[in-house]
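Chemist: I'd like to ask some things about the structure below.
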Amino acid sequence: MKTWYCVTSSFDDRGHVTAGIVVTQRADRKPDDTFHSTARKDIYNTCFGSLREAQAYVKEALQA
């Protein structure tokens, strides 16, 4: 089994961005990435195979 690091990021209509590693889970296969759009923001759940990749994604999202 492999550990997956799942990041939730949200981008609202005013340009505000939040992102963080919210879940780590052990699984044989990569969990599905998801996307949800509301009236005011878009929310992404993206999983990565390493902590370093997840942290880099969070850093990049917060600089958007």
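Chemist: Quick one: which of S9, S37, S50 is among the polar types (S, T, N, Q) and loosely packed, with under 12 Cβ neighbours inside 10 Å?
Modeler: Values: S9 fails: loosely packed, with under 12 Cβ neighbours inside 10 Å; S50 fails: loosely packed, with under 12 Cβ neighbours inside 10 Å.
Only one candidate qualifies: S37.
Chemist: Here is a further query. On the basis of being basic (K, R) and farther than 18 Å from L62 by Cα, does K41 make the cut? I'd like the intermediate steps shown before the answer.
Modeler: Working: basic (K, R): yes; farther than 18 Å from L62 by Cα: no.
For K41, the condition - basic (K, R) and farther than 18 Å from L62 by Cα - is not met.
Chemist: Among the numbered criteria (1) in a strand (DSSP E or B); (2) at pLDDT below 95; (3) over 18 Å from M1 (Cα atoms), which single criterion is violated by V23?
Modeler: (3) is the only condition that V23 fails.
Chemist: Taking A61 as the residue in question, decide whether it is assigned to a helix (DSSP H, G or I) and buried (at least 17 other Cβ atoms within 10 Å of the Cβ).
Modeler: Working: assigned to a helix (DSSP H, G or I): yes; buried (at least 17 other Cβ atoms within 10 Å of the Cβ): yes.
Judged against the criteria, A61 is a match.
Chemist: Within the stretch 4-22, track down each residue that is of a type in the set (A, V, I, L, M, F, W, C) and under 9 Å from the mean Cα position of the chain (by Cα). Give the derivation first.
Modeler: Taking the stretch 4-22 as the starting set, the residues that turn out to be of a type in the set (A, V, I, L, M, F, W, C) are 4, 6-7, 11, 17, 19, 21-22.
Those that are of a type in the set (A, V, I, L, M, F, W, C) and under 9 Å from the mean Cα position of the chain (by Cα): C6, V7, A19, I21, V22.
Chemist: Would you check if there is a residue in the stretch 41-64 being in contact (Cβ under 8 Å) with a residue 40 or more places away in the chain and either touching a Leu at 6+ places or on another chain (Cβ under 9 Å) or of a type in the set (D, E) (or both)?
Modeler: Checked against the condition, which is being in contact (Cβ under 8 Å) with a residue 40 or more places away in the chain and either touching a Leu at 6+ places or on another chain (Cβ under 9 Å) or of a type in the set (D, E) (or both), the stretch 41-64 yields at least one hit.
Chemist: What's the total number of residues in the stretch 12-34 that are surrounded by 10 or more Cβ atoms within 10 Å (Cβ to Cβ) and of a type in the set (D, E)? Before the answer, list the steps.
Modeler: Step one: list which residues in the stretch 12-34 are surrounded by 10 or more Cβ atoms within 10 Å (Cβ to Cβ), which gives 12-13, 16-25, 27, 30-31, 33-34.
Checking which are of a type in the set (D, E) leaves us with 12-13, 33.
Summing the residues that are surrounded by 10 or more Cβ atoms within 10 Å (Cβ to Cβ) and of a type in the set (D, E) in the stretch 12-34 gives 3.
Chemist: Ok, one more. From the list T8, T38, T46, T3, which residue is modelled with pLDDT of 95 or more and in contact with a Lys or Arg (Cβ under 6 Å, 6 or more places away or on another chain)?
Modeler: Working: T8 fails: in contact with a Lys or Arg (Cβ under 6 Å, 6 or more places away or on another chain); T38 fails: in contact with a Lys or Arg (Cβ under 6 Å, 6 or more places away or on another chain); T46 fails: in contact with a Lys or Arg (Cβ under 6 Å, 6 or more places away or on another chain).
Within the list T8, T38, T46, T3, the selection yields T3.
Chemist: Take the residues in the stretch 34-58 that are part of a strand (DSSP E or B) and among the hydroxyl-bearing types (S, T, Y), then tell me which one is farthest from C6 (Cα to Cα).
Modeler: Step one: of the stretch 34-58, the residues part of a strand (DSSP E or B) are 34-37, 41-48.
Keeping just the survivors that are among the hydroxyl-bearing types (S, T, Y) gives 34, 37, 44, 46.
On the way: T34: 10, S37: 18, Y44: 10, T46: 5 Å.
Here the answer is S37.
The values are calculated or read from the model by the stated rules, or taken from the named source; none is laboratory data. Because the structure is predicted, anything quoted here is derived from the model rather than measured. Here Cβ is always computed from backbone atoms with ideal geometry, including for glycine, and neighbour counts include all displayed protein chains.
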